[in-house]
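What follows is a short report on a single structure.
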């Protein structure tokens, strides 16, 4: 089972959640927070022709647009490490 962590500060907010993976493909990943109430988080690649996920070595990152409950908030780094997905929202 893949563990998903969102941890960062962006758009004047602190985002610190453990999440469940809802869906993921090369162009979008969707998560729900393990909070009450739940929140929906979506990431999409920031650059044309980019894909979500690590490179073949498992060490790559993808710069993504980060949406929280349907609204764009910030850019975020998306990184996969074996059974862990890290999403790090940040102000650039």
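The values are calculated or read from the model by the stated rules, or taken from the named source; none is laboratory data. Predicted model, so just to flag it, every value in this text is computed and none were measured. Cβ sites come from the backbone with ideal geometry, for glycine too, and all protein chains shown count toward neighbours.
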**Message:** Restricting to the range 53-84, and then to whatever is outside any strand (DSSP E or B) and modelled with pLDDT of 90 or more, can you tell me which residue is surrounded by the fewest Cβ atoms within 10 Å (Cβ to Cβ)?
**Reply:** 70
**Item:** Search result, residues across the range 20-52 that are assigned to a strand (DSSP E or B) and either farther than 16 Å from residue 89 by Cβ or without any contact (Cβ under 8 Å) to a residue 40 or more places away in the chain (or both)
**Value:** 20, 21, 22, 23, 24, 30, 32, 33, 40, 42, 44, 45
**Request:** Filter the range 8-18 down to residues that are part of a strand (DSSP E or B) and touching a residue at least 60 places away in the same chain (Cβ under 8 Å) and give me whichever is surrounded by the fewest Cβ atoms within 10 Å (Cβ to Cβ).
**Result:** 13
